[in-house]
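All remarks here apply to the structure that follows.
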Amino acid sequence: MADLSGGQRQRVWIALALAQQTEHLLLDEPTTWLDLPHQIEVLALLRRLNREEGRSIVTVLHDLSLAARFADHLVLMAAGRVLAEGPPAAVLTPDALHAAFGLRALVIADPVTGTPLVVPA
């Protein structure tokens, strides 16, 4: 694996996790090192595994807009505390983002999916 790029290595790790065919998947930043088309591909695959096979999937993501696009339920945390949880539109609010990250942001509806899209203000 030493000759693989970071993105290729990440895809191998994801494939190894999926090959185990476990009922539950815990993934920490599975889209790190991946270019955007591969990020979308991986997250769409995880959503399909959840919906079609009933697998439970817990994923840590720092791209809030992608998390909102692919997750049914979000947990927003800061300093080890849960600040908000629920559907993406209920969790990703300007006040919650400011509390979690000290970030002033607009949250608008994605014009394609209708899911929350986080835009730093």
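Ratio to report: Rg/Rh of segment 6-90, with Cα atoms as the point set and Rh obtained by the Kirkwood method; give two decimals. Working shown, then result.
Working: Rg = 12.9 Å, Rh = 13.5 Å.
Here the Rg-to-Rh quotient is 0.96.
Only helical runs count toward this figure. For the chain, summing -39,500 (n - 2.57) over DSSP H runs of n ≥ 4 and dividing by all residues gives -12500 deg cm²/dmol at 222 nm. Magnitude of the charge dipole for segment 1-60, about its Cα centre and with charges confined to Cβ atoms of Lys, Arg (+1) and Asp, Glu (-1), is about 120 debye.
Given charges of +1 on the Cβ of Lys and Arg and -1 on the Cβ of Asp and Glu, with all other atoms neutral, how large is the dipole of the chain about its Cα centre, in debye to the nearest 20?
Working: 9 positive and 13 negative charges, 17 e Å.
In debye, rounded to 20, the chain gives about 80.
If the segment from ALA44 to GLN8 were pulled out straight at 0.36 nm per residue, it would be longer than the present Cα-Cα gap by 11.2 nm.
Highest mobility in the GNM of the chain, judged by mean-square fluctuation with C-alpha springs under 10 Å and restricted to VAL12, VAL91, VAL58, is found for VAL12. Seen through its C-alpha gyration tensor, with square-root eigenvalues sorted a ≥ b ≥ c, segment 73-120 comes out oblate because a/c lies at 1.5 or above while a/b is not bigger than b/c.
Taking label points 7 Å from Cα along the Cα-to-Cβ direction, GLU23 and LEU36 give a separation of 3.9 nm. Select from THR22, THR59, THR93 the residue whose mean-square fluctuation is largest in a Gaussian network model of the chain (Cα-Cα springs shorter than 10 Å). Checking each option, the largest mean-square fluctuation is seen for THR22. Arranged from fewest to most other beta-carbon atoms within 10 Å of their beta carbon, MET1, MET77 become MET1, MET77.
Electrostatic tally near LEU45: other residues with Cβ closer than 13 Å to its Cβ, Lys and Arg +1, Asp and Glu -1, net +2.
Note on the chain: GNM, Cα springs under 10 Å; of LEU25, LEU16, LEU92, the largest mean-square fluctuation is that of LEU16.
Each value in this text was obtained by applying a stated rule to the coordinates, not by laboratory testing. These numbers were taken from a predicted model, which means no experiment stands behind them. When we count neighbours, we look across all protein chains shown, and the Cβ atoms used for this are built from the backbone with ideal geometry, even at glycine.
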